[in-house]
Amino acid sequence: EAQVTQNPRYLITVTGKKLTVTCSQNMNHEYMSWYRQDPGLGLRQIYYSMNVEVTDKGDVPEGYKVSRKEKRNFPLILESPSPNQTSLYFCASKTQGLAGELFFGEGSRLTVL
Amino acid sequence: AQSVAQPEDQVNVAEGNPLTVKCTYSVSGNPYLFWYVQYPNRGLQFLLKYITGDNLVKGSYGFEAEFNKSQTSFHLKKPSALVSDSALYFCAVRDIGFGTNAGKSTFGDGTTLTVKP
């Protein structure tokens, strides 16, 4: 089954404790992206990757890091989480090119205390 | 800069009635347009897209949307709503021009659709 898998789905952590949210897709997609969803703000792009070893900032990259060492994986790293990073995070992937639709993971709800 | 507006936070309809969820967009070049649906505690799922050709596009679960270039709109419609259609709906635009936003997807803030029995 074609899917984007995120882990963990739910996480409560404390300010400053580094964490990683993993994302893996099995569709051989070149493009992957991270979004955060906040009430009244829709989805905002954090980082995206056009292919292996190619990443770029989205609209709200501050406080986040990513890497793309393998085509299927695109982890999101919060080096020193802060309460304003409490949010619902989605990983998505799609084929290269402009017409493809995004395939989303189930989401990771992060709370930073 | 490209943008998407979903002017209604909430749309309420009775089961069996037609529904419309509105979306307007702004891009510098030509747009590709998408609708996604999000059920509670789930990720977004693709519903339909406009790329080129017929302005009326049909998608999953009986939904359709009409691209109107002059009004820069891409409203989502369904002739007869079901209770199971209740969800959060997102419109998204992708600029296919050559500017700095080329290829980037921008999402609206979402519209919550509630269909009552």
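The values are calculated or read from the model by the stated rules, or taken from the named source; none is laboratory data. Computed from a prediction, not measured in an experiment: that's the story for all the values here. Glycine gets a Cβ as well: all are built from the backbone with ideal geometry, and neighbour counts include every protein chain shown. What goes into the accessible areas is simple: the full protein's heavy atoms, side chains included, and nothing from ligands, DNA or RNA. Shrake-Rupley method; radii C 1.70, N 1.55, O 1.52, S 1.80 Å.
Are any of the residues in region B:29-43 charged (D, E, K, R), more than 20 Å from A:L88 (Cα to Cα) and open to solvent by 50 Å² or more (accessible area, probe 1.4 Å)? No, the conditions are met nowhere in region B:29-43. Restricting region A:4-35 to residues that are under 21 Å from A:M50 (Cβ atoms), in a loop (DSSP other than H, G, I, E, B) and among the polar types (S, T, N, Q), the residue that is most open to solvent (accessible area, probe 1.4 Å) is A:N28. In region B:44-60, of all residues being over 30 Å from A:R109 (Cβ atoms) and within 11 Å of chain A (Cβ to nearest Cβ), the one that is most open to solvent (accessible area, probe 1.4 Å) corresponds to B:T52.
Of the residues making up region B:9-28, those that are open to solvent by less than 60 Å² (accessible area, probe 1.4 Å) and not aromatic (F, W, Y) are B:V11, B:V13, B:A14, B:G16, B:L19, B:T20, B:V21, B:C23, B:T24, B:S26, B:V27. Of all residues in region A:59-88, those being open to solvent by 40 Å² or more (accessible area, probe 1.4 Å) and within 14 Å of chain B (Cβ to nearest Cβ) number 1.
The sole residue among A:L43, A:L110 that is within 13 Å of the chain's Cα centre (by Cα) and more than 9 Å from chain B (Cβ to nearest Cβ) is A:L110. Considering region A:89-107, the residues that are within 11 Å of the chain's Cα centre (by Cα) and more than 10 Å from chain B (Cβ to nearest Cβ) include one that is surrounded by the most Cβ atoms within 10 Å (Cβ to Cβ), namely A:S93.
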